[in-house]
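A.B. asks: Sharing a structure with you now.
The values are calculated or read from the model by the stated rules, or taken from the named source; none is laboratory data. Please read all numbers here as calculations on a predicted model, not as lab measurements. Positions of Cβ are backbone-derived with ideal geometry, glycine not excepted, and every protein chain shown enters the neighbour counts. For accessibility, only protein heavy atoms count, side chains too; no ligands or nucleic acids. Shrake-Rupley method; radii C 1.70, N 1.55, O 1.52, S 1.80 Å.
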Amino acid sequence: MTALPDDRPPLIGDDDRDTAVRRLQDAYAEGHISHEDLDVRLHQVLTVETHGELVSVLSSLPAEKTATTSTIAAAAGRIQRRGVWRVPRFLKVESAFGRVHLDLSRAVIEHPVVDIELQLGTGKARITVPRDAIVDVEDLHTGWKDSLYKAPRSSRPGGPRIRISGTMGFGRLKIRHARR
């Protein structure tokens, strides 16, 4: 077996490819590239292996708009989002005392990855995610009780990745997948 050299460039992941495809689609929709150029670049994005190759495919595009973090905060009381609402790429939820309920099951999620940062003191939190979502809670630190999340036995591909991070003091986070 041959050992791989240590100076080999790192391979790109699915999130990087998804972001590059979205940038190309945005550039096409805004009229920065032609349909033919879009086709050629999409093929390149889907076949390149390293970050350097990916950067060269995107180099002539306009600078990417930086995503801002939307913050929902309350000192005390209830924070609730449900029904049809637009989920930002980065969402920060801050609450000293109170309950938090985020229902993403009918929300408009335009990003393949959504980062939700929780900064909660005391109180329960509940997040309902779409049926086909992939949930990652590895970066969430709990002070009192562990979060309750059970990944579904089978999931359909193509759903958004919901990454939940932050800290929770006294309270418990429950995450569940929507039934519909």
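A.B. asks: I'd like the residue in the stretch 125-180 that is under 14 Å from the mean Cα position of the chain (by Cα) and modelled with pLDDT under 85 and, out of all such residues, is nearest to Thr69 (Cα to Cα).
C.D. replies: The selected residue is Gly159.
A.B. asks: On the basis of being at pLDDT below 85, assigned to a helix (DSSP H, G or I), in contact with a strand residue (DSSP E or B) (Cβ under 8 Å, 6 or more places away or on another chain) and surrounded by 12 or more Cβ atoms within 10 Å (Cβ to Cβ), does Asp26 make the cut?
C.D. replies: So Asp26 does not fit the description; no.
A.B. asks: Spot the failing condition for Val87; the list is (1) in contact (Cβ under 8 Å) with a residue 12 or more places away in the chain; (2) closer than 19 Å to Arg22 by Cα; (3) surrounded by fewer than 17 Cβ atoms within 10 Å (Cβ to Cβ), and only one is missed.
C.D. replies: For Val87, the failing item is (3).
A.B. asks: Do you know which of the residues in the stretch 90-105 that are under 27 Å from Arg23 (Cβ atoms) and open to solvent by 20 Å² or more (accessible area, probe 1.4 Å) is nearest to the chain's Cα centre (by Cα)?
C.D. replies: Among those residues, the one meeting the criterion is Phe90.
A.B. asks: Let me ask something additional. For the list (1) over 13 Å from the mean Cα position of the chain (by Cα); (2) open to solvent by 80 Å² or more (accessible area, probe 1.4 Å); (3) not basic (Lys, Arg), I need the number of the one condition that Glu110 fails.
C.D. replies: (1)
A.B. asks: Here is a further query. Filter the stretch 135-160 for residues that are of a type in the set (Lys, Arg) and open to solvent by less than 80 Å² (accessible area, probe 1.4 Å) and give the result.
C.D. replies: Lys145
A.B. asks: While we're looking at this one, here's another question. Do we have Ala74 as modelled with pLDDT of 80 or more, aliphatic (A, V, I, L, M) and open to solvent by less than 50 Å² (accessible area, probe 1.4 Å) here?
C.D. replies: yes
A.B. asks: Run down Val108, Val129 and say which single residue is touching a Leu at 6+ places or on another chain (Cβ under 8 Å), under 27 Å from Asp16 (Cβ atoms) and of a type in the set (A, V, I, L, M, F, W, C).
C.D. replies: It is Val129.
Okay, residues lined up against (1) farther than 21 Å from Asp136 by Cα; (2) in contact with a Cys (Cβ under 8 Å, 6 or more places away or on another chain); (3) in a strand (DSSP E or B):
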position	(1), (2), (3)
Ala74	yes, no, yes
Gly98	yes, no, yes
Arg106	no, no, no
Val114	no, no, yes
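A.B. asks: Are any residues in the stretch 31-72 assigned to a helix (DSSP H, G or I) and charged (D, E, K, R), and if so, which ones?
C.D. replies: Glu36, Asp37, Asp39, Arg41, Glu53
A.B. asks: Here's something else I'd like to know. If the requirement is being at pLDDT 90 or above and either among the charged types (D, E, K, R) or under 18 Å from the mean Cα position of the chain (by Cα) (or both), which of these qualifies: Asp37, Asp7, Asp14, Asp18?
C.D. replies: Selected residue: Asp37, the only one of Asp37, Asp7, Asp14, Asp18 that is at pLDDT 90 or above and either among the charged types (D, E, K, R) or under 18 Å from the mean Cα position of the chain (by Cα) (or both).
A.B. asks: Moving to a separate point now. Taking the conditions exactly as written (open to solvent by less than 80 Å² (accessible area, probe 1.4 Å), more than 21 Å from Asp115 (Cα to Cα), modelled with pLDDT under 90 and out of contact with any Lys or Arg (no Cβ under 6 Å at 6 or more places or on another chain)), does Ala63 satisfy them or not?
C.D. replies: no
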